[in-house]
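What follows is a single structure, written as structure tokens, with notes after it.
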């Protein structure tokens, strides 16, 4: 009865509830004589099944079962023998003593039964090692060129597996593999070509010859032709001077009779870098033909490839738009979504309206995950055609009002926010839609996100007061988290719109009665700031937020508490600042991005703990800023050194990461000696590396006090100094105790103005600029000789000063001959630095001129920063 | 470890072959990519996600799921999937799926449903093994696969065999008769 119920539950699948113990018990039938082939076959199926299901079998149990399996070789039943091979392969990884079946497998792989030979080869190669492999080498070579295609393919594919651990033996079979490439059988030819390539892959010349040979002598197998295209593509990408006949071969495959080959050639061509439109067009045409295929896999492959190439070559893909538009209604949703996103990438500005109408009908039929892809594509379309936001924005707003998951709503909100940030013309419409959205939004995270945006952007719109109602409704109707965000948003209006300040104060007073202290505390704080504080303080505490690193803040507070001296209050200005405010949300990467992630910029904070642990530098206080790693040697030098500059309030610590690349040397007492030819900079404490063995990286440190003259830039000579002890290259043991001193000249160490400045963006540059006053203002005008256009000039000045652009003012519209960028940051010691840089192109000689104004709340700081450009 | 994802000239391109029933329960599965599907937990989670996306659609199709190209085909109460690397030519994967389905169809005498498949579990295991070796496509010709799974001739009807297979079966039958003659 119980068994029947189980059978019903799993639809009669006797394998669904196999018990490991029972199966292993049944496996004892393998020892019976005579062997019941049918019964043993069934038991083997169950044994293989539970292994594939991930059932963990102990090593002892597995070995016992394995020995039982070996007894089945006595049976002549063909089906049973084949199952034995399968079981050997499954059990080999979890059993001991698997080599006992080697002789049986070897006998089968050389015997007369063809059905045994192929499977036996595969099983044998799975359990073999390099030593054992040489004993069967002769049989493997014979099998590779065997006339039976199953045997030949088995040997070749097994050899491909063996290449990963016994490549030196497999390489000796190159002649046989070469012969197998001539096989009439499609799979044998494909496998043989692949193995031949892998045998020769490290020999550039041999690979080129291989491509030349087989691209001229027609391969019969479409799989082999596809593989040859891949080898050829790799040659084109890797070679600096690729042979043009290789490209000609790939292009000729666009006219191959096999659909598989045509597609392979097309996607190879469009994936090549630096192709010209005329080179790529035949491939696009071939993909267009694939779009008309009745097979979903072919259409999918074609549209997916077009989707990728649309980013790099939108004009080329445009010719496929008619075909792609038909895909919007394709029954395969993946194909439909890919078609839409491709069209959104390639569509002409004039076709945007029609395209959006088609998409609107389709979008309701797909699932949320596909909708998110469409939303991401719309975002990129708005970037390309800013004026079309009037078409896109209502579409997005409508999507926002329809049903959907949190992720879906989040994607739409983020897209609208991105459009607002990128396109000033879209701001008012976008903010209006988001206001409507939060009126009925059930996701607190999205509401707070929108409120944050409103607080930052809405005060700058022509009619800021129109947004107050939507924000205040949140104070009345929403959860604590949202109410607190609304209070903060109201405060930002009060900070930026002086004429609205009295009204904001009235609203904030009402918030003092809120039931939650999170809301009340914010209201109390903001109300006090708005009613009593000076403009500068209002900006610092309401608009710019806390822009310190969390770990830096923690460390500074701990240092203050440990010092035991509370005579002076804790000073927030000593805390290292970061470029990102604490409250700034992470931006989601659109799903459309398929490229590999770019290497992330080195993190500043990890060094702080390392430096704090060094007693000589503990008294310096918190790290203000750490630079990127700067190479002081070439990467292939005997001793490589990279430098990181750590800036403190009154000093710098230079960290020299040293690596010993000489395997016969042990370096002792490694340090870097610095010398200033002008005599201004002096080295303080140093920390050397006691031992630097081969291949290891360790750091030496030097302290540099900022000069009394007030200079903040300079160039110092650097010499690596160490003692060498000769060691045995293989063991690392010293040859003797003798050492000799040695030096190694490094690149100069440059200390720059930017080392004393940490870029921190202001959310409202104009207000901050006005609040600083004119006492500490400096102005310079000069010509730039090392840059050729305005965007480069903007980037250059930002780097030199160490300041970052505000309000996306670094985006230079196309065709402009003049542009002003707003830059801001903090000078060490906690002093604000602001800058307006206007870059212009002289129409007479196309030279670049720049006028720069620098403001600070400390005149000396302004002088020091401007010195970076004089 | 075999390279399934990054090397365009790697032959390792089949990450898994999976057969589910009409409720999304695993009937048989073989995974080759230990990086992506290294644990049963990962496998089952993927199967659940895959089934929810494919069970309501047409009987054969292709989709991209969690960085895996998935081709599938269904019949009665069975769903057949080939899970491929996104780097692989989709037509290779499609040929593999077609081979799998056709070979199973021949073996089960076109009776492609769960009960029949379970009754021939050993043969289905052999079919999958003949089609894919540790992630490398071994064969895409269904007839060749059936031939290699060592079926007894009386288990296959003549209408399902190619001419060469008929010859093979006939030769076997003739050999048997010859032996009996000798014994007499």
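Details
- When residues of the range A:401-430 are limited to those that are assigned to a loop (DSSP other than H, G, I, E, B) and touching a residue at least 12 places away in the same chain (Cβ under 8 Å), the one surrounded by the most Cβ atoms within 10 Å (Cβ to Cβ): A:423
- Residue check, residue A:96 more than 27 Å from residue B:120 (Cα to Cα), more than 14 Å from chain B (Cβ to nearest Cβ), in contact with a helix residue (DSSP H, G or I) (Cβ under 6 Å, 6 or more places away or on another chain) and at pLDDT below 85: yes
- Filtered by the rule that a residue be closer than 16 Å to residue A:383 by Cα and surrounded by 17 or more Cβ atoms within 10 Å (Cβ to Cβ), the range A:337-358 gives A:341, A:342, A:343, A:344, A:345, A:346, A:347, A:352, A:356.
- Checking residue B:45 against (1) under 21 Å from residue A:370 (Cβ atoms); (2) touching a residue at least 12 places away in the same chain (Cβ under 8 Å); (3) surrounded by fewer than 16 Cβ atoms within 10 Å (Cβ to Cβ), the condition it does not meet: (2)
- Of all residues in the range B:58-87, those satisfying the criterion of being in contact with a strand residue (DSSP E or B) (Cβ under 7 Å, 6 or more places away or on another chain), over 17 Å from residue B:117 (Cβ atoms) and at the interface with chain A (Cβ under 10 Å from one of its Cβ atoms) are B:60, B:61, B:62, B:63, B:69, B:70, B:71, B:86.
- Helices (runs of 4 or more DSSP H) (entirely within the range A:753-870) containing at least 3 residues that are within 26 Å of residue A:386 (Cβ to Cβ): A:790-801
- Within the range B:1-8, the presence of at least one residue that is touching a strand residue (DSSP E or B) at 6+ places or on another chain (Cβ under 7 Å) and either free of Cβ contacts under 8 Å to residues at least 60 places away in the same chain or assigned to a helix (DSSP H, G or I) (or both) is confirmed.
- Residues of the range B:91-124 satisfying the condition of being within 8 Å of another protein chain (Cβ to nearest Cβ) and either assigned to a loop (DSSP other than H, G, I, E, B) or closer than 29 Å to residue A:226 by Cα (or both): B:91, B:92, B:93, B:94, B:95
- Every listed requirement among (1) away from chain B (no Cβ under 14 Å); (2) closer than 20 Å to residue A:310 by Cβ; (3) surrounded by 16 or more Cβ atoms within 10 Å (Cβ to Cβ) is met by residue A:334 save one, (1).
- Within the range A:547-565, the set of residues being more than 14 Å from residue A:625 (Cα to Cα), at pLDDT below 75 and either outside any helix (DSSP H, G or I) or assigned by the TED database to the domain that holds residue A:613 (or both) comprises A:565 only.
- Among (1) within 21 Å of residue A:652 (Cα to Cα); (2) in contact (Cβ under 8 Å) with a residue 40 or more places away in the chain; (3) surrounded by 14 or more Cβ atoms within 10 Å (Cβ to Cβ), the one test that residue A:665 misses: (1)
- All of (1) more than 33 Å from the chain's Cα centre (by Cα); (2) crowded, with 23+ Cβ neighbours inside 10 Å hold for residue A:194 with one exception: (1).
- Within this structure, residue B:49 fails the test of being at pLDDT 85 or above and away from every other protein chain (no Cβ under 13 Å).
- Number of residues in the range A:295-316 that are assigned to a helix (DSSP H, G or I) and more than 20 Å from residue B:86 (Cβ to Cβ): the value is 3.
- Here the condition is being in contact (Cβ under 8 Å) with a residue 24 or more places away in the chain and under 28 Å from residue A:185 (Cβ atoms); of A:201, A:265, it holds for A:265 alone.
- When the range A:177-191 is filtered for residues that are surrounded by fewer than 21 Cβ atoms within 10 Å (Cβ to Cβ), away from chain B (no Cβ under 14 Å) and either touching a residue at least 24 places away in the same chain (Cβ under 8 Å) or at positive phi (or both), only A:179 remains.
- When we screen A:61, A:55 for residues that are within 14 Å of another protein chain (Cβ to nearest Cβ) and within 46 Å of the chain's Cα centre (by Cα), the only hit is A:55.
- Here is the figure for the range A:197-232: residues that are in a loop (DSSP other than H, G, I, E, B), more than 10 Å from every other protein chain (Cβ to nearest Cβ) and surrounded by fewer than 23 Cβ atoms within 10 Å (Cβ to Cβ) total 6.
- The residues listed here are A:143, A:120; of these, the one that is more than 14 Å from chain B (Cβ to nearest Cβ) and crowded, with 24+ Cβ neighbours inside 10 Å is A:143.
- Any chance residue A:640 is under 28 Å from the mean Cα position of the chain (by Cα) and closer than 25 Å to residue A:723 by Cβ: yes
- Residue in the range B:52-70 that is in the same structural domain as residue B:24 (by TED's automatic domain parsing), assigned to a helix (DSSP H, G or I) and buried (at least 19 other Cβ atoms within 10 Å of the Cβ) present: yes
- Residue A:162 falls short on exactly one of the conditions (1) touching a helix residue (DSSP H, G or I) at 6+ places or on another chain (Cβ under 8 Å); (2) surrounded by fewer than 21 Cβ atoms within 10 Å (Cβ to Cβ); (3) farther than 29 Å from residue A:270 by Cβ, and that condition is (2).
- One residue stands out in the range A:261-294 among those that are surrounded by 16 or more Cβ atoms within 10 Å (Cβ to Cβ) and not in a helix (DSSP H, G or I): the one that is farthest from the other protein chains (Cβ to nearest Cβ), namely A:275.
- Top-ranked residue in the range A:23-41 [being within 11 Å of chain B (Cβ to nearest Cβ) and buried (at least 20 other Cβ atoms within 10 Å of the Cβ); ranked as farthest from residue B:45 (Cα to Cα)]: A:40
- Exactly one residue out of A:72, A:86, A:44 is surrounded by 18 or more Cβ atoms within 10 Å (Cβ to Cβ) and more than 9 Å from chain B (Cβ to nearest Cβ), and it is A:72.
- Taken together, the residues in the range B:11-43 that are facing another protein chain (nearest Cβ under 9 Å) and over 12 Å from residue B:132 (Cβ atoms) amount to 12.
The values are calculated or read from the model by the stated rules, or taken from the named source; none is laboratory data. Because the structure is predicted, anything quoted here is derived from the model rather than measured. Glycine gets a Cβ as well: all are built from the backbone with ideal geometry, and neighbour counts include every protein chain shown.
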